[in-house]
Amino acid sequence: MKKLNILAAGAAFTFAAVGAAQAQTSPTLEATKQRGQVNCIVSEATAGFSSPDDKGVWRGIDVDVCRAVSSAIFGSPDKVKFIPTTSKVRFTALQSGEGDILSRNTTWTLVRDVNLGFEFTGVTFYDGQGFMVRKSLGVKSAKELDGASVCVSTGTTTELNLADYFRANNMKYNGVVIEGADAIIKAYESGRCDVYTTDKSGLAGDRTKLSAPDEHMILPETISKEPLGPSVRHGDQAWGDIVRWVQYAMIEAEEYGVTSANVDDLKANSTNPVHRRLLGVEGDLGKMLGLSNDWAYNVIKQVGNYGESYERNVGPSTRVNIPREGSPNALWTKGGLIYAIPVR
Amino acid sequence: MATDVKDEPQPVRPNIWNDARARAVFLQIIMVILVVAGFAYIADNAITNLRRLNISTGFGFLGTTASFDIGFTLISYSAASTYGRAFLVGLLNTLFISSIGVVLATILGFTVGVLRLSNNWLISKLMGAYVEIMRNIPLLLQIFFWYFVIINTVPGPRGSLALPLGVMLNNRGLYSPDPTFLPGFSATPIVLILAIIGSIILHRWSRKRQEATGQHFPSILTGLGMIVCLPVIAFLVTGKPVSWTFPELRGFNLQGGVQLPPEFVALLMALVIYSSAFIGEIVRAGILAVSKGQTEAAYSLGLKPSFTLRLVIIPQALRIIVPPLTSQYLNLTKNSSLAAAVGYPDLVHIFAGTTLNQTGQAIEIIFITMMVYLTISLSISAFMNWYNQRVALVER
């Protein structure tokens with residue numbers, strides 16, 4: 001219905017030759033433009049997803065979503081105010097309007113989508129919960145963890161999955177639930193727990209923080225589906241559309257071979273209609289979203305396509321090192337789940 | 001109010017807006033209306049916004065399955081229990097650590113306060129240093145300090161330290177043998193209660209006798225002896241009807257026995273040490289506030305120093321100590337909400353943390369939590385006020 005309205009409105013105004021497509025109005029977009037920056041809720045430090053680097057610049061897949069939105073709105077990836085939160089206060093921060101995008105390796109679930117009053121705009125990373133143990137324990141499978149002490153951070157689906165998994169397998173455990181990622185890792189490292197559990201991407205990142213990463217291993221089991229993605233407040237669908245289509249534009253760009261390196265060339269010379277629509281040479285896609293027509297061009301030029309963002313933040317060349325090939329995070333054309341709804 | 005004024009047979013009646021009393025009442029009514037309207041506006045705003053955002057409201061969530069586990073519970077609880085049950089677990093854990101903390105902090109605090117007044121230079125300076133260090137380091141840091149000290153210095157479960165009486169210590173906690181009561185055990189608690197009642201009667205009798213005849217009877221020592229010895233005798237006579245389950249290493253951890261997790265110990269230590277520094281100063285101030293003439297008068301009456309302290313100084317110091325001591329008890333209870341930092345499952349951690357996060361109903365949960373702390377604090381205040389009235393100076 002909403003999309004029909006946009007199309008209808010767009011069509012009506014084109015016919016009326018007003019000269020500009022009518023944008024849907026978004027109070028959040030208006031407020032963001034007035035403020036001059038996007039308020040983006042991220043984690044305190046999750047390697048590869050959102051964490052400040054040694055110069056204090058925020059980096060990560062989750063951070064790139066906000067930078068891309070900033071590029072789409074302002075034509076610059078740096079007009080973002082990052083609001084670091086614990087997993088406990090992140091939802092309240094979005095609900096209360098402190099931030100406008102929650103991009104903090106947050107799992108998309110029905111309860112969060114419906115009951116918390118959010119709208120998830122897509123999936124940036126398909127994750128699943130796993131276990132990390134000391135190699136010296138000699139444990140080879142999560143099924144051998146009966147009676148173990150398990151470190152888990154508070155207020156996450158992780159805590160629920162853990163309870164479900166042990167209940168389903170008729171095993172007991174002793175949970176140590178600590179708020180704050182650093183404290184929980186220290187507790188694991190000092191031997192308070194036998195096992196540390198979180199999403200596997202998080203495990204890979206956290207393992208690099210340990211003093212001897214090689215003494216620890218990640219068990220093969222993946223005990224949950226954790227589609228991580230950004231979310232916005234329910235009720236401002238137009239704002240949700242912007243975030244959603246910025247994400248799809250990045251994926252579409254990768255699928256059609258548009259990168260930050262060749263985007264200028266393609267914009268000037270490409271005859272491929274997909275390229276021309278995406279980069280704003282043809283059509284009024286940007287205006288329909290309430291943005292300028294070079295929104296996606298700016299995103300790709302300044303932040304890059306999905307693949308570039310992945311490789312830069314969590315790919316095999318980084319410390320986090322989560323191989324993409326053969327994982328659910330490969331493009332759908334390569335057997336993964338990363339799929340963009342057509343940007344047209 | 002206005003009609004009252006009208007009915008009075010006043011020959012010269014001021015206009016109602018010139019009547020100071022009527023004006024005051026009018027202004028107060030306006031004030032109340034403004035305050036109520038303000039709150040109504042805020043509440044209405046919150047409800048409308050929550051509806052608009054499609055966030056569910058109400059207290060129905062308390063009956064829903066929690067599906068998360070809690071590491072340390074005083075009542076039975078599993079992931080299949082409800083949020084309401086989780087709330088109870090958190091509440092009991094808060095009360096548990098606060099009550100133990102208050103007792104230990106009082107004992108330690110009184111000791112520190114008295115020792116700081118000691119004539120021994122070393123002891124008094126040591127206690128001075130203790131007070132200044134402990135009350136000037138933020139509590140949260142102390143909690144972290146004790147937590148990481150405990151889990152880093154105490155060996156893991158495979159190298160558990162065996163302490164006397166079958167108690168085991170490792171970085172997963174302090175394990176004591178778990179008693180199972182066999183038939184015949186009930187005699188022991190019954191004897192204990194009888195001994196307590198007996199010693200109270202004895203104490204009253206000895207006081208009456210002392211007031212009537214002046215003769216002293218050591219009722220406190222005798223009473224303590226009764227309370228300790230009689231139940232032990234009853235326990236032995238009935239043939240030690242208790243079997244103990246000793247903790248033993250099975251799999252990853254010690255199994256069996258009662259476990260106190262290091263999170264609890266760390267939090268308790270930090271709370272007790274931090275509060276005891278303040279209580280020590282309060283005690284010292286209270287004792288110093290009793291004029292030296294009182295001591296000299298007691299000595300000149302021929303009282304021994306121990307009697308002087310117990311019968312003359314402490315009763316007078318108490319009425320100065322109790323009011324600020326109440327504040328310390330309240331602080332300790334409220335400070336226990338820092339538990340989340342090290343993962344002790346107290347009310348704030350379980351309810352205002354995990355439950356809030358899973359249900360998203362921030363307003364209801366924070367409201368309940370605030371009400372709980374308010375109730376606990378007011379109860380402590382009420383008790384301490386009652387005690388304060390008892391020890392207050394009775395002026396004749």
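The values are calculated or read from the model by the stated rules, or taken from the named source; none is laboratory data. This structure is a prediction, so every number in the text was calculated from the model and none was measured. Neighbour counts run over all protein chains shown; Cβ positions are idealised from the backbone, glycine included.
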Subject >> Qualifying residues in the stretch A:85-100 (those that are surrounded by fewer than 19 Cβ atoms within 10 Å (Cβ to Cβ) and within 9 Å of another protein chain (Cβ to nearest Cβ)) - the one nearest to residue A:158 (Cα to Cα) >> reply: A:92
Original post:
Which residues, counting only those in the stretch A:172-193, are out of contact with any Phe, Trp or Tyr (no Cβ under 8 Å at 6 or more places or on another chain) and assigned to a loop (DSSP other than H, G, I, E, B)?
Top reply: A:179, A:180, A:191, A:192, A:193
**OP:** Considering only the stretch A:257-282, state which residues are touching a residue at least 40 places away in the same chain (Cβ under 8 Å), buried (at least 18 other Cβ atoms within 10 Å of the Cβ) and in a loop (DSSP other than H, G, I, E, B).
**Re:** A:258
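Here's the yes/no breakdown for (1) among the aliphatic types (A, V, I, L, M); (2) out of contact with any helix residue (DSSP H, G or I) (no Cβ under 6 Å at 6 or more places or on another chain); (3) surrounded by 11 or more Cβ atoms within 10 Å (Cβ to Cβ):
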site	(1), (2), (3)
B:45	no, yes, no
B:50	yes, yes, yes
B:62	yes, no, yes
B:67	no, no, yes
B:76	no, yes, no
B:81	no, yes, yes
Original post:
Counting residues that are at pLDDT 90 or above, within 14 Å of chain A (Cβ to nearest Cβ) and buried (at least 18 other Cβ atoms within 10 Å of the Cβ), which helices (runs of 4 or more DSSP H) fully inside the stretch B:304-396 reach at least 1?
Top reply: B:362-391
**OP:** Restricting attention to the stretch A:149-201, report how many residues are at the interface with chain B (Cβ under 7 Å from one of its Cβ atoms), in contact (Cβ under 8 Å) with a residue 24 or more places away in the chain, of a type in the set (Asp, Glu) and crowded, with 24+ Cβ neighbours inside 10 Å.
**Re:** 1
Original post:
Take the residues of the stretch B:126-154 that are hydrophobic (A, V, I, L, M, F, W, C) and more than 14 Å from chain A (Cβ to nearest Cβ): which is nearest to the chain's Cα centre (by Cα)?
Top reply: B:139
**OP:** Within the stretch B:124-154, work out how many residues are aliphatic (A, V, I, L, M), assigned to a helix (DSSP H, G or I) and surrounded by 16 or more Cβ atoms within 10 Å (Cβ to Cβ).
**Re:** 7
**OP:** Could you list, in sequence order, all residues of the stretch B:47-83 that are out of contact with any Phe, Trp or Tyr (no Cβ under 6 Å at 6 or more places or on another chain), within 11 Å of chain A (Cβ to nearest Cβ), touching a residue at least 12 places away in the same chain (Cβ under 8 Å) and part of a helix (DSSP H, G or I)?
**Re:** B:50
**OP:** Among the residues of the stretch B:282-303, write down those that are in a helix (DSSP H, G or I), over 32 Å from the mean Cα position of the chain (by Cα) and not small (Gly, Ala, Ser).
**Re:** B:292, B:294, B:295, B:296, B:299
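Taking residue A:71, is it crowded, with 21+ Cβ neighbours inside 10 Å, in contact (Cβ under 8 Å) with a residue 40 or more places away in the chain and either within 14 Å of chain B (Cβ to nearest Cβ) or assigned to a loop (DSSP other than H, G, I, E, B) (or both)?
Answer is no for this residue.
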Subject >> Among residues of the stretch A:210-253, those that are under 13 Å from the mean Cα position of the chain (by Cα) and among the basic types (Lys, Arg), counted >> reply: 1
Subject >> Of all residues in the stretch B:19-43 being modelled with pLDDT under 90 and among the small types (Gly, Ala, Ser), the one that is surrounded by the fewest Cβ atoms within 10 Å (Cβ to Cβ) >> reply: B:20
Original post:
Only one residue in B:169, B:221 is out of contact with any helix residue (DSSP H, G or I) (no Cβ under 7 Å at 6 or more places or on another chain) and under 30 Å from residue B:263 (Cβ atoms), so which one is that?
Top reply: B:169
Original post:
Identify, please: which residue in the stretch B:155-169 is more than 9 Å from chain A (Cβ to nearest Cβ) and touching a residue at least 12 places away in the same chain (Cβ under 8 Å) and is, among those, surrounded by the fewest Cβ atoms within 10 Å (Cβ to Cβ)?
Top reply: B:165
